[in-house]
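Below: one structure, written as structure tokens.
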Amino acid sequence: MANLVYKRVSTDQQSTARQNLVLDEAGIEAPVVFEEDPGTSSRLHPLQRPKFRELQGFESPAHHDSRCGGGPYGA
């Protein structure tokens, strides 16, 4: 299973450095990262944020392979 990570900040003066530190401390390896541009408005509903929408539609290769018959249980 893929480790999906959504990162964003509220203002363009902030950074995701603390979020990166927390991920490192948690030992999350090779995450699939969806990071909003710093200029993305915090007034937008999450469903209107490009990377959040991309995260919602993400299918891991393993999930895709198993649905298409190419995974470990495929025909």
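The values are calculated or read from the model by the stated rules, or taken from the named source; none is laboratory data. Since the structure is predicted, the reported quantities are computational estimates derived from the model, not experimental observations. Reconstructed Cβ throughout: ideal geometry from the backbone, glycine too, with neighbour counts over all protein chains shown. The accessibility values were calculated without ligands, DNA or RNA, using every heavy atom of the protein model including side chains. Shrake-Rupley method; radii C 1.70, N 1.55, O 1.52, S 1.80 Å.
Scanning the range 33-56 for residues that are surrounded by 10 or more Cβ atoms within 10 Å (Cβ to Cβ), under 16 Å from the mean Cα position of the chain (by Cα) and either on the phi > 0 side of the Ramachandran plot or of a type in the set (A, V, I, L, M) (or both) returns 33, 55. Restricting attention to the range 1-32, which residues are assigned to a strand (DSSP E or B), open to solvent by less than 70 Å² (accessible area, probe 1.4 Å) and among the aliphatic types (A, V, I, L, M)? Result: 5, 32.
Does residue 54 fit the bill of being modelled with pLDDT of 90 or more and out of contact with any Leu (no Cβ under 7 Å at 6 or more places or on another chain)?
Working: modelled with pLDDT of 90 or more: yes; out of contact with any Leu (no Cβ under 7 Å at 6 or more places or on another chain): yes.
Considered against the rule, which asks whether it is modelled with pLDDT of 90 or more and out of contact with any Leu (no Cβ under 7 Å at 6 or more places or on another chain), residue 54 comes out as yes.
Annotation note: Cβ proximity below 6 Å between a residue of the range 23-36 that is under 21 Å from residue 48 (Cβ atoms) and a residue that is of a type in the set (Val, Ile, Thr) (sequence gap 6+ or interchain) occurs for 33/5.
Among the residues of the range 33-58, those identified as of a type in the set (D, E, K, R) and in a loop (DSSP other than H, G, I, E, B) are 36, 37, 43, 49.
Among the residues that make up the range 6-24, is at least one of them of a type outside the set (Phe, Trp, Tyr), in contact with a helix residue (DSSP H, G or I) (Cβ under 6 Å, 6 or more places away or on another chain) and at pLDDT 85 or above? Scanning the range 6-24 turns up at least one residue that is of a type outside the set (Phe, Trp, Tyr), in contact with a helix residue (DSSP H, G or I) (Cβ under 6 Å, 6 or more places away or on another chain) and at pLDDT 85 or above.
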